[in-house]
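Please read the structure below before turning to the comments.
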Number of protein chains: 2
Amino acid sequence: MSSAISPLAPKSFPDMPAIAGVRLGTAAAGIRYKNRTDVLLMLLDKGTTVAGVFTTSKCPSAPVEWCRAKLKGKSARALVVNSGNANAFTGKTGKQSTSLTADTAAKAVGCKTGEVFLASTGVIGEPLDARKFNGVLGALATEATPERWLEAAKAIMTTDTFPKVATATVKLGKASVIINGMAKGAGMIAPDMATMLSFVFTDAPIAAPVLQALLKGGVEDTFNAVTIDGDTSTSDTLLAFATGAAATKGAPKISRASDPRLKAFIKAFNGVLADLAEQVARDGEGARKLVEIIVEGATTKKSARRIAMSIANSPLVKTAIAGEDANWGRVVMAVGKAGEPANRDKLSISFNGIRVASKGARDPSYDEAEVSAAMKNEKVQIKVALGLGKGRDRVLTCDLTKEYVAINGDYRS
Amino acid sequence: MSSAISPLAPKSFPDMPAIAGVRLGTAAAGIRYKNRTDVLLMLLDKGTTVAGVFTTSKCPSAPVEWCRAKLKGKSARALVVNSGNANAFTGKTGKQSTSLTADTAAKAVGCKTGEVFLASTGVIGEPLDARKFNGVLGALATEATPERWLEAAKAIMTTDTFPKVATATVKLGKASVIINGMAKGAGMIAPDMATMLSFVFTDAPIAAPVLQALLKGGVEDTFNAVTIDGDTSTSDTLLAFATGAAATKGAPKISRASDPRLKAFIKAFNGVLADLAEQVARDGEGARKLVEIIVEGATTKKSARRIAMSIANSPLVKTAIAGEDANWGRVVMAVGKAGEPANRDKLSISFNGIRVASKGARDPSYDEAEVSAAMKNEKVQIKVALGLGKGRDRVLTCDLTKEYVAINGDYRS
């Protein structure tokens, strides 16, 4: 497994402010990894609302099933995340393991079992020994502090090469509220809830159904628009928590998603999701290039998304980018195989702003040297103009390198 | 580009018999490659019927559009195939190029332009200079012989590491008829007409609509059940030609697909298609393992196919096999993401006959050492039992190696 940091990693991490009503702690429970933290406990004050979106996999992990069921209660007091073991495809043992973990956490925190949310990431199919959380969670509940968000993001990493955090401060009514998020990638990343795990926290007083609506709306063009390898995980989980503590600073309580006072908040919230989603693409396994695919002129946005995903998931397109080759022929192939309306003779394709193909053939002004130079950039933008309608969409991915094969050909051992 | 022969290549080539009514010739027209043949001319006697199936790409190559249109004439006198340039995404020039090539061939052969069938494979987006066929086709028409089928298969190769041929001899009525086929892979291979190019010839007297029905029926579980990288080509073409010459040996003329005398012929015909399709998988770019995926107990055959394809196209499953890792967790992931009915707690998974997972968890008798040893085989069979119904299907693919990335990261240059 590679341990070098992705060359696409952000140059610095943002300062993560404390959020009133949220405390956290990390520990090394020795679930799988040596010499690193692998358990995160997030403590949430009374009155915290919760929302979540999950993998569409027909074989979801035990923690995904746990969270889905507990969302109905609309309130959260704790989040327990472990890395190293996904507790997926673990049968009855897996279910027992989630119950036992939640019981342990509930005792440590002093809350109901149903107010504990769980997420696990790592190997699939290995039983998770939840007894390892005994003692660990109790100690964490005592030691938890409002700081060390970066440490939290580190504790949930698997093949990630850097921790992923994002933050925003925005006005809600006349009060400033904070949104903090963290995520982990980096393989088995595909649409339909595109990251394995991501958690967002705010002190804004937002009712659970509203938070759920924001999350559903925000995920579509952020996490669901990122793909590393087209492989949808069994564990994809995005949870949002709102402690409501900003009400004491005068933030209005929001009980309707259509509340006009939410406008700036929604923008900031979506910005945090987009930031985290881009970091997931930047830490795609073996990634050396960040690839932005823009499809415009499609019949609908949905059609543009499907075509963009067909390009983004094409091994031939991804390997060409790894080879710094503006191989627009493979882009044509990927457009053609998407099954969506496309007219070869109206198609234009650009790489990093340089048009290489137009009206169904090579652009007459195409200059190989100019394009080759542009392909050396760390970021490659592929723009496809279909010339059919007004549908437009954007998807992020990364290149496919030998390193991806190396990482995944030797992951379990 | 790799030049080593795939370790999965057949140990020997079959002797390809002559087929009455078919002659062939190859030449080096210098379209792209140096020091190798790149043009194939197949001459077909009067009365030859033709059938074809093509890529479902919305951006098909000019030769694909040419063949689709000419199939209506139901008769063929010549097939011209070139490698090195796919004549795809070449706009009006591409269309002119197909017309010019067909004109040149028709003059050389002495037939109508509409009786000439065309196929091109190689780079997409580069104009194909059809003037290079001038003289070449004339000479080939004169020199063509009934032998040298292996040479024909060599002339149509691109990144293929070995030529792909198959043959069968079977009774039709009381006469023996011959079926010869050739194919080329090796990347941009996905369902919906899974090879870039394949051609099958027989001396059986079979009417064009019957040949079309046989081809459509035969392709479903052969070429359409093979995937290398999930990337459907713009050029996928499978053509079948029946000269009818065996009528002089007493073979009955077949004008209905339901003719009971066809039974053995259909079996042999499908066998040739299956043989060629497997060779395409065996020559998948960078392939080191042939992977057979069997899904059973699905609700329908179609559902089994979709799940098998989801497994076969998963980069995480394919890299695990490259690493000789029986990573059934990734198989669970691929089953889950297929979107088809599946019940985690009824799922069983075997690698090369060794059950590793059953009823939604690791098999109790699982022995890592035994499985590891089995994964060293050149052929890996993954069997998934869903336990839901009687739907069953089988798909062939190969592993995903660093070599695939190397081949495709540096193909154009």
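Take the Cβ-Cβ distance between A:Lys216 and A:Lys46 as r, set R0 to 25 Å, and report the resulting FRET efficiency rounded to the nearest 0.05. Step by step, r from the Cβ atoms, then E = 0.45. Using a cutoff of 8 angstrom between alpha carbon atoms and counting only pairs six or more residues apart, the relative contact order for chain B works out to 18 percent. When +1 charges are put on Lys and Arg Cβ atoms and -1 charges on Asp and Glu Cβ atoms, the dipole computed for the protein assembly as shown relative to its Cα centre reaches about 2160 debye.
Of the peptides A:106-114, B:371-379, B:241-249, A:163-171, the ranking by mean beta-carbon count within 10 Å, highest at the top, reads B:241-249, A:163-171, A:106-114, B:371-379.
Annotation: aspartates and glutamates with alpha-carbon distance below 20 angstrom to B:Lys216 (same-chain offsets under eight excluded): B:Glu65, B:Asp192, B:Asp203, B:Asp236, B:Asp259, B:Asp275, B:Glu278, B:Asp393.
Place a +1 charge on the Cβ of each Lys and Arg in chain B and a -1 charge on the Cβ of each Asp and Glu, then give the dipole magnitude about the Cα centre in debye, rounded to the nearest 20.
Computed charge dipole of chain B: roughly 1220 debye.
Which of the pairs B:Lys184/B:Lys249; A:Lys267/A:Lys390; B:Lys154/B:Lys289; B:Lys164/B:Lys337 have their Cα atoms more than 28 Å apart in this structure? Where the Cα-Cα span goes over 28 Å, the pairs concerned are B:Lys184/B:Lys249; B:Lys164/B:Lys337. Across the copies of the chain, B:Glu151 has label points (7 Å from Cα along Cα→Cβ) spaced 7.6 nm apart, shortest distance listed first.
Distances from B:Lys46 to itself in the other copies, using label points 7 Å out along the Cα-Cβ axis, amount to 9.9 nm in increasing order. Within straight-line reach of A:Lys72, meaning a Cα separation under 13 Å, sit the following aspartates and glutamates at least 8 residues removed in sequence or on another chain: A:Glu115. Rounded to whole numbers, the Karplus 3J(HN,Hα) couplings from phi for region A:148-161 are 6, 5, 5, 5, 4, 5, 6, 5, 9, 6, 10, 7, 4, 9 Hz, using 6.51 cos²θ - 1.76 cosθ + 1.60 with θ = phi - 60°, and x at Gly and Pro.
Which part of region A:336-350 falls in the paramagnetic zone of A:Ser365, meaning amide N under 18 Å from the point 7 Å along Cα-to-beta-carbon? Inside the label zone: A:347-350. With its label point put 7 Å out from Cα toward Cβ, B:Arg131 sits 8.3 nm from the same residue's point in the other copies, in order from shortest. Taking each DSSP H run with n ≥ 4 as -39500 (n - 2.57) and averaging over every residue of the protein assembly as shown yields -8500 deg cm²/dmol at 222 nm. With a Förster radius of 45 Å applied to the beta-carbon distance between A:Ser99 and A:Glu147, the computed FRET efficiency rounds to 0.90.
Can you give the FRET efficiency for A:Lys72 and A:Ser372, using 1/(1 + (r/R0)^6), R0 = 56 Å, r = Cβ-Cβ distance, to the nearest 0.05? That pair, A:Lys72 with A:Ser372, gives E of 0.50.
Note on A:394-402: average number of Cβ atoms from other chains within 10 Å of each residue's Cβ is 2. Scanning chain B for the beta carbon that comes closest to the axis linking it by rotation to A yields B:Lys402, 2, distance in whole angstrom. Taking the Cα-to-Cβ direction at B:Ser258 and at B:Lys301 and moving 7 Å from each Cα, how far apart do the two end points lie in nm? Rounded to a tenth, the inter-label distance reads 1.8 nm. Oblate is the label for region A:290-408. Its Cα gyration tensor axes, ordered a ≥ b ≥ c, give a/c of at least 1.5 and b/c at or above a/b.
For peptide B:334-342, what's the mean number of Cβ atoms from other chains within 10 Å of each residue's Cβ?
6
Helix A:301-312 and the longest principal axis of the C-alpha atoms of chain A enclose an angle of approximately 80°.
Note down the Stokes-Einstein diffusion coefficient of the protein assembly as shown in µm²/s, whole number, using a Kirkwood radius over alpha carbon pairs, 10 °C, and 1.306 mPa s. Translational diffusion coefficient: 56 µm²/s. Relative to the dominant Cα principal axis of chain A, helix A:328-337 is inclined by about 70°.
Per-residue mean of foreign Cβ neighbours for A:343-352 is 3 (Cβ atoms of other chains, 10 Å radius).
For chain A, the Cα-based Rg and Dmax, in that order, read 21.9, 71 Å. Against chain A, whose longest principal axis comes from its Cα atoms, helix A:91-109 is set at around 60 degrees.
All of the numbers you see were taken from the coordinates with simple rules; none came from a lab. Here the structure is a predicted model, which means the values were calculated and not measured. Cβ coordinates were reconstructed from backbone atoms using ideal geometry, including for glycine residues, and neighbour counts include every protein chain displayed.
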